[in-house]
Amino acid sequence: MVQLYGRAMSRVDVATHAGDLTQFAGVRLMTLEDGLERGIRMLEFRTGSGLRFTVLVDRAMDIADCDYQGKAIGWHSPSGFRHPGLHDYEGEGGLAWMRSFSGLMVTCGLDHILFMYDAPADNYVYGPRQSVSQSIHGRVGTIPARLTGYGERWEGDRCILWAEGRVRQATVFGEHLELVRRIEVEVGTNDIQLSDKVVNLGFYKTPHMYCYHINVAHPVLAEDSRYLAPIRDVVWAAHAGDDYRKQNVGYRRASAPANPFHEQVWQHEMAAGDNGEVPVALVNDELGLGFEVTTRKDQFPCMYQWQNFQSAHYALGIEPSTNHVLGQGAARERGEMIWLEHGDERCYDMRLRVLTSADEIAASEARISGLAAQPAEDYPEPSGNFEPIRGRS
């Protein structure tokens, strides 16, 4: 049954009360037409629960806007949702990606994540290409998708809104990788399901790294908002050492926007449930509003926490990753790089959930703490224990 406006409605009930489902919920395609966003195709999802989010077809089908009953969930940075035609991948010494960095979700990959790196290119068997110059977080997030379909699907009295597209990252004498992305959400709910498949369509052995940059913003993020995660070990902090307490902001609770503020990044080793899932959340107890991200430990063995509390850039990032924060060079040296031969594929699943009440926040916290009790101190000493990532091929 579809849950709408406090009642359970069958497909016939929905049809009886409106000439078209779009009166309550739906997914529609539109094009942005002004400023640096001009020309970007965008899908708008409305679930009828108060959840609305948009998918940028021409930006790897990443999720841009997200709000619940008018309250923002997703982050809008000053860079805006820049058209990919304006993007200079290798500009600014590899940092030009920052000029396209905005939205609830930004995909990083397909062959590189993290900071800049000149990767050996002998696997591509082309003399002039001695190395591949990789900018921060890879190319995929600014590549347009080929939209293969979108709409609504009824399964009895349940209605699912969906969209699917393909994003190809390829060059001559280099990688030929394709991301197949499917996004689904059931009408009347606040749970977004995302399923990705990355496949090597080429015939060169190709490296693969992958990360989701999930960026939660005000008002979910506010002073004293809490980060909840099943942390078994705090592995690394970018600001550890003499600067660890300098900004008086630990990992557990957010501060108000500050000026100046230098980003803080942690890597945590997470516990998983019996089903292999790892839930992480940011919650605002005062508003009774939160956001939960659930991934699979076997797909994303690593998790980063990004705190960017600079005024006008105010965001907290939940970042599931295939690799340690040490980067591509270390992944190669440690034997942890994923290598894809022709036809090889990797699948990734994620659930994004808006927590809409104190009860839902409490249930999420109980589920998370039941897996592992996160450190009670704000500044746990990083262990430096980067556990080996097995099963690379």
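Testing the spin-label approximation: label points 7 Å from Cα along Cα→Cβ at E90 and D34. State their distance in nm. Result for the modelled spin labels: 3.7 nm.
Which residues make up the longest stretch of the chain clear of chymotrypsin sites (Phe, Trp or Tyr not before Pro) that lie in a DSSP loop with no more than 13 other Cβ atoms within 10 Å, not counting the sites?
Values: sites that count: Y5, Y126, F173, F203.
The answer is 204-393.
Can you pull out the trypsin sites (Lys or Arg not before Pro) in segment 1-80 whose DSSP state is coil and whose Cβ has at most 12 other Cβ atoms within 10 Å?
Details: sites: R7, R11, R28, R38, R41, R46, R52, R59, K71; in loops: R38, R59.
Counting only loop positions with at most 12 other Cβ atoms within 10 Å, the trypsin sites (Lys or Arg not before Pro) in segment 1-80 are R38.
Modelled spin labels at L287 and V172, positioned 7 Å past Cα toward Cβ, are 5.1 nm from each other.
Please compute the alpha carbon radius of gyration of segment 1-153, then divide it by the globular-protein estimate 2.2 N^0.38 Å. Two decimals is fine. Working shown, then result.
Working: Rg = 19.9 Å, N = 153, 2.2 N^0.38 = 14.9 Å.
Taking the Cα Rg and dividing by 2.2 N^0.38 Å, one obtains 1.34.
Here segment 284-301 is scanned for amide nitrogen atoms under 14 Å from the site 7 Å beyond the Cα of N275 along Cα-to-Cβ, giving 293-297. If you plug the beta carbon distance of A373 and D298 into 1/(1 + (r/R0)^6) with R0 = 22 Å, you get a FRET efficiency near 0.45.
Converting phi to 3J(HN,Hα) with the Karplus coefficients 6.51, -1.76 and 1.60 and the offset θ = phi - 60°, segment 28-45 yields 9, 9, 9, 10, 6, 10, 8, x, 6, 8, 4, x, 7, 6, 9, 9, 9, 9 Hz in sequence order, with x at every glycine or proline.
Taking a sphere under 12 Å around the Cβ of L56 and counting the other residues whose Cβ falls inside, with K and R at +1 and D and E at -1, yields a net charge of -1.
Among rounded, prolate and oblate, which fits the chain when a ≥ b ≥ c are the square roots of the eigenvalues of its C-alpha gyration tensor, a/c under 1.5 means rounded, and a/b larger than b/c means prolate? Each step should come with its number before you reach the end.
On the way: a/c = 1.58, a/b = 1.16, b/c = 1.36.
Judged from the Cα gyration tensor, the chain comes out oblate (a/c at least 1.5, b/c at or above a/b).
Taking Cα centroids, how far is segment 83-130 from segment 39-53 in Å? Their Cα centres are 28 Å away from one another. At full extension, D191 and S383 could sit 65.7 nm farther apart than now, given 0.36 nm per residue minus the alpha carbon distance.
Distance from the alpha carbon centroid of segment 138-172 to that of segment 301-317 works out to 27 angstrom.
So, counting K/R as plus one and D/E as minus one, what does the shell of residues with Cβ under 12 Å around R46 add up to?
Values: positive: R28, R52; negative: E44, D65, D67, E152.
Charge balance in the 12 Å sphere: -2.
With helices as the sole contributors, the chain gives -1500 deg cm²/dmol at 222 nm; each DSSP H run of n ≥ 4 counts as -39500 (n - 2.57), and the sum is divided by every residue.
Figure the gain on full extension for V12 and R334 (residue separation times 0.36 nm, minus the Cα-Cα span) and round it to one decimal in nm.
Numbers: separation 322, 0.36 × 322 = 115.92 nm, distance 5.78 nm.
Gain on stretching V12 to R334: 110.1 nm.
With protein chains left intact and a 1.4 Å probe, residues in the chain average 41 Å² of accessible area per residue. Here's the thing: no lysines lie within a cross-link span of K246, going by alpha-carbon distance under 22 Å and ignoring same-chain residues fewer than 8 apart. Could you work out what % of the accessible surface of segment 181-233 is carbon and sulfur, using a 1.4 angstrom probe and leaving DNA, RNA and ligands out of the count? On segment 181-233, the fraction of accessible area on carbon and sulfur atoms equals 46 percent.
Can you give me the orientation-averaged projected area of the convex hull built on the Cα atoms of segment 112-224, in nm²?
Numbers: hull surface 41.1 nm².
Quarter of the Cα hull surface area: 10.3 nm².
How many percent of all Cα-Cα pairs in segment 245-393 sit more than 22 Å apart? Working shown, then result.
Values: 5323 of 11026 pairs.
Result: 48 percent of Cα pairs exceed 22 Å.
Which number comes out as Rg/Rh for segment 340-393 once both Rg and the Kirkwood Rh are worked out on C-alpha atoms?
Values: Rg = 17.8 Å, Rh = 15.8 Å.
Ratio value, two decimals: 1.13.
Bridges between two residues of segment 227-372, per DSSP, are antiparallel at a rate of about 95%. log10 I(q)/I(0), Debye, Cα-only segment 180-275, no solvent, q = 0.23 Å⁻¹? Summing over Cα pairs of segment 180-275 leads to -1.33.
A crude spin-label estimate for the pair Q69 and W154, with each label 7 Å from Cα along the Cβ direction, gives 2.9 nm. For K197, the lysines whose Cα comes closer than 19 Å to its Cα, not counting residues fewer than 8 places off in the same chain, are K205, K297.
The values are calculated or read from the model by the stated rules, or taken from the named source; none is laboratory data. Computed from a prediction, not measured in an experiment: that's the story for all the values here. A quick note on method: Cβ atoms are made from the backbone with ideal geometry, for glycine too, and the neighbour counts reach across all protein chains shown. Note: areas computed on protein heavy atoms with side chains; ligands, DNA, RNA excluded. Shrake-Rupley method; radii C 1.70, N 1.55, O 1.52, S 1.80 Å.
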